[in-house]
Amino acid sequence: MRDSKGSGALKLLFGLILLGFMAFVAFVGFDTPQYGSLYDVDLGLDLAGGVSITYEAEGDNVDSTAMADAKEKLRKRAEAYSTEASVYLEGSNRICVDIPSVKDANKVLKELGTPGKLEFKDPAGNIVLNPTHIKNAEAASYRPQTGMSNEIQYVVILTLTEEGKDVFAKVTEEQAKVGGYISIVYDGEPVSQPRVHEKIDSETCEITGLENLERAENLATTIRIGAIPVELHEVRSDVVGAKLGQKAISTSLLAGAIGLGIVILIMIILYRVPGIAASLALLCYVTMMIVVLAGFDITLTLPGIAGMILSIGMAVDANVIIFARIKEEIGQGAAVRTAINTGFAKALSAIVDGNVTTLISAIILNILGSGTVRGFAQTLAVGIILSMISSLGITRLFLTAFYDLGVKGKGAYGETKKTTKLNIIGKRPIFFSISGAAVALSIGLLIFNASKGDMMNYSIDFVGGTSSTIDLPKEMTLEEIQNTVEKKIAETINDNKGNISSNKVVDSKQIIVRTKTLSLEEREAMTNMLKADFGVAEDGIQMQNISATIGQEMRRDALVSVAVATLCMLLYIWFRFRNLTFAAASVFTLLHDVFVVILAYLLFNWTVGTTFIACMLTIVGYSINATIVIFDRVRENLALDSNKKLGLKDIFNLSINQTMTRSIFTSLTTLIMVVVLAIIGVSAIRDFALPLIVGVLCGGFSSVCIAGGLAHLMMRKKSTENNA
């Protein structure tokens, strides 16, 4: 007994020390002044502001194609600095670059590089390659496997277009014969003169002989930024404040704390001692999340908050699955310690499959996606990994510690003796009819809206608009600007869609307001209103049309990454369950949830902006995880029913009923987090939270009422065909 209590005390002490240490690092820290990792987390432009840089193209022959290409190349360069950077066109010859989480415009300009004129010349001074021939340039280092030297080699790997490859092959063939070289010239100054040793007839080649990795990276950066097809120069750089303001951050933190507190309280009430263990583990999870976000320089934006909410929901979900199993084992007569071990063992497959499926999605989205998608994916991936550590490791540590300390009565852990016997499969026609009508209405409205113009209420992030730089006569807070200037502008230009955003230029009275694309009459009306109501001078207003921050390439990246992620999830489920039916039913359920949430966007005329993609991805992750939990129980019950005593319908109904508590509680806890965010958050936070509420409710409904019914229908049909 003493050994058991001593072991329990050590486990509890270790767990509390771990929690205390992580909390200290997260909220206090070792540096002076002591702020902790919470204050080191990089925040996006929407939450903390950053640097806004405007470039202007030189020359009279700059066309829209060249500007679009230049914008995309600058976007890739900016995203190397921050995944949450946004790049868009202003007018016909300007490109704006917004990079979050930095306050030093000069530092960003230096690191980003000023786009200049790039040329590749032969020894006679002839231009042999131009920027249109260059796809990319990346620094690399390696240790040669052959030859006498074993020193690390530093190189720049140059990637050419198809046309560039043909041109380069001819040039290198000529220079190789005479031992010549090719000069890389940037803004008239040679930056490198690599010798040509042989004809190069491929899309990639190496620039060798660089003294260190820093030199290689500088050369690669120069080539990349110089490969922009138009010549740009900086015309303006400003440090701008957050688009949502400090209130958005404080209310989001408050909402998170309140939601987490409510979830912890409910877990303790429902699950008793296991609930206390899970609550301590959940606090460890939150503090670890803060430390990791800061340590890996992951930029947190509204989409990132969506990823955190989903991962917290999954952390709670894993604990609920485990505790439900423990209560079942106790209800069947098992001793508490045996029930704990068996509960963790039986819950493992559902937790691993659900988390790994979502993790696969996050990895694919991070690799193939860009901008908002990558930011969401990174936060989600970190959250999933930490949630598994929390639920499978830390929760177990605390739970076994309490048991070893003497908390061994079954009443402290609860027990499940009876399972509900709802005939979910029998009600399938009703559920399918409701869902089918919702999906059909969603598709029908999309088609109808498309015939009239835009399918949805797109924000300027998707369709572009007008950016107005306004010099106010007096200093105003962002909240004052939103409540007065934004409100009056909306009335003046008749914008009832809430499609206006603004942020301040730091250390000035200047603000930047983005609206829908304004006509000449609307510009005049807005100018007159600003002069009359706010005393803005005539020359204190500058207006320029801007392109979408979410361009065609970013949209394509998002669609491709989601499609590939969905395919990979399908393949993983197929592999793990050895049954294509489960995979197909999971994907159909996922699509159902997406269309129902889109229906909410259409019916309530919610704005489709940058957070729309994150909302959809959150719902996909939530849906697939909830569905897998039920299918895992179906798989288990099919294996247990080897003698075929139960029919297929009974097995599906039994599995759904056995996981009903988990489905309801997980939906409830995730819903609490989002609802609190919607209630006390600012309007932009609320616009983001409301679709998530619909998604959580829909995901809970579909996992219980649709997924099992679809899988049962397909398996029954397959069985009938096999017996025919």
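How high is the FRET efficiency between Gln542 and Asn494 when r is their beta carbon distance and R₀ equals 22 Å, given to the nearest 0.05?
0.50
Excluding Leu365 itself, calculate the net charge of residues whose Cβ lies under 12 Å from the Cβ of Leu365, where each Lys or Arg counts +1 and each Asp or Glu counts -1.
Counting the neighbours of Leu365, the net charge comes to 0.
Can you run the Rg to Rh ratio on region 566-615? Use alpha carbon positions and the Kirkwood inverse-distance Rh.
For region 566-615, the value is 1.16.
Two decimals, Cα atoms only, Kirkwood Rh: what is Rg/Rh over region 537-651?
Checking Rg against Rh, the ratio lands at 1.23.
Would you check the accessible area of Glu521, probe 1.4 Å, heavy atoms only, in square angstrom rounded to 10?
Taking all protein chains as shown, Glu521 has close to 130 Å².
Over region 531-635, with the other protein chains present, what is the accessible area per residue in square angstrom, probe 1.4 angstrom?
38 Å²
Suppose the Debye formula is applied to equal point scatterers at every Cα of region 426-541; what is log10 I(q)/I(0) at q = 0.20, 0.23 Å⁻¹?
-1.06, -1.30
So for the pair Ile127, Thr208, with labels modelled 7 Å out along Cα→Cβ, what separation do we get in nm?
3.0 nm
Can you give the accessible area of Asp495, probe radius 1.4 Å, in Å² rounded to 10?
About 20 Å², rounded to the nearest 10.
At 222 nm, what value in deg cm²/dmol follows for the chain if DSSP H runs of at least 4 each add -39500 (n - 2.57) and the sum is divided by all its residues, to the nearest 500?
Mean residue ellipticity, 222 nm, calculated: -20500 deg cm²/dmol.
Take the solvent-accessible surface of the protein heavy atoms, probe 1.4 Å, and return the percent of it on the chain that carbon and sulfur atoms account for.
Percent of accessible area from carbon and sulfur atoms in the chain: 58.
In Å², what does the accessible area per residue of region 157-262 work out to with a 1.4 Å probe?
Per-residue accessible area for region 157-262 comes out at 50 Å².
Stokes-Einstein at 4 °C, 1.567 mPa s, Kirkwood radius from Cα pairs: D for region 307-402 in µm² s⁻¹?
Translational D for this selection: 92 µm²/s.
Taking the alpha-carbon distance from Lys121 and a cut-off under 19 Å, which lysines remain once sequence neighbours fewer than 8 residues away in the same chain are dropped?
In chain and number order, the partners are Lys135, Lys165, Lys170, Lys177, Lys199.
Largest first, how would Glu415, Glu486 line up by accessible area (1.4 Å probe)?
Ranked from most to least accessible, the order is Glu415, Glu486.
At 0.36 nm per residue, and after removing the present C-alpha to C-alpha distance, how many nm does the segment from Asp201 to Leu567 gain when stretched out fully?
128.2 nm
If you take the C-alpha gyration tensor of region 584-724, multiply each eigenvalue by 5 and take the square root, what semi-axes do you get, largest first, in whole Å?
The equivalent ellipsoid of region 584-724 has semi-axes of 35, 16, 9 Å.
Using a 1.4 Å probe on the protein heavy atoms only, what accessible surface does Glu162 show? Give it in Å² to the nearest 10.
Its heavy atoms expose roughly 100 Å² to the probe.
Return a whole-number percent for the relative contact order of region 296-441, with Cα pairs under 8 Å and 6 or more residues apart as the contact set.
Contact order relative to length: 36 percent.
If R0 is 41 Å, what FRET efficiency do you get for Asp507 and Glu151 from their C-beta distance, rounded to 0.05?
It comes to 0.25.
If you take every residue apart from Ala139 with its C-beta less than 9 Å away from the C-beta of Ala139, what net charge results, scoring Lys and Arg +1 and Asp and Glu -1?
Combined, the nearby Lys, Arg, Asp and Glu give -2.
Assuming 0.36 nm per residue, please report the length gained on full extension of the stretch Val191 to Leu348 beyond their Cα-Cα distance.
50.8 nm
Mind checking Rg over Rh on region 155-199, alpha carbons, Kirkwood formula for Rh?
Radius of gyration relative to Kirkwood radius: 0.98.
7 Å from Cα along Cα→Cβ at both Phe296 and Ser183: what's the point-to-point distance in nm?
According to this spin-label approximation, the distance is 4.6 nm.
Hey, what did region 593-718 get for relative contact order, percent, Cα under 8 Å, at least 6 apart?
Result for region 593-718 is 39 percent.
Taking Cα centroids, how far is region 256-282 from region 570-597 in Å?
Cα centroid of region 256-282 versus Cα centroid of region 570-597: 31 Å apart.
When only Cα pairs under 8 Å and 6 or more residues apart are kept, what is the percent relative contact order across the chain?
Reported as a whole number, the value is 16 percent.
Let me know the whole percent of all Cα-Cα pairs from the chain that are separated by more than 42 Å.
Pairs farther apart than 42 Å: 39 percent.
Can you give me the pair-distance distribution of region 624-666, C-alpha pairs, 5 Å bins, whole percents?
Once binned at 5 Å, the Cα pair distances of region 624-666 give 5, 25, 32, 20, 11, 6, 1.
If R0 is 35 Å, what FRET efficiency do you get for Tyr35 and Arg236 from their C-beta distance, rounded to 0.05?
With R0 = 35 Å, the Cβ-Cβ based efficiency is 0.65.
Could you list the square roots of 5 times each eigenvalue of the Cα gyration tensor of region 339-494, that is, the equivalent ellipsoid semi-axes, sorted largest first and rounded to whole Å?
Semi-axes from the Cα gyration tensor: 48, 29, 19 Å.
Which log10 I(q)/I(0) values, to two decimals, does region 162-236 give at q = 0.20 Å⁻¹ under the Debye formula with one point per Cα?
Debye intensities relative to I(0), on a log10 scale: -1.02.
Give the accessible surface of region 372-466 per residue, rounded to a whole number of Å², with probe radius 1.4 Å and ligands, DNA and RNA excluded.
Ligands and nucleic acids excluded, the result is 45 Å² per residue.
The values are calculated or read from the model by the stated rules, or taken from the named source; none is laboratory data. Nothing here was measured: the structure is a model prediction, and the numbers come from that model. Note that we place each Cβ from the backbone using ideal geometry, even for glycine, and neighbour counts take in every protein chain shown. Heads up: the accessible areas ignore ligands, DNA and RNA and are worked out on the full protein's heavy atoms, side chains in. Shrake-Rupley method; radii C 1.70, N 1.55, O 1.52, S 1.80 Å.
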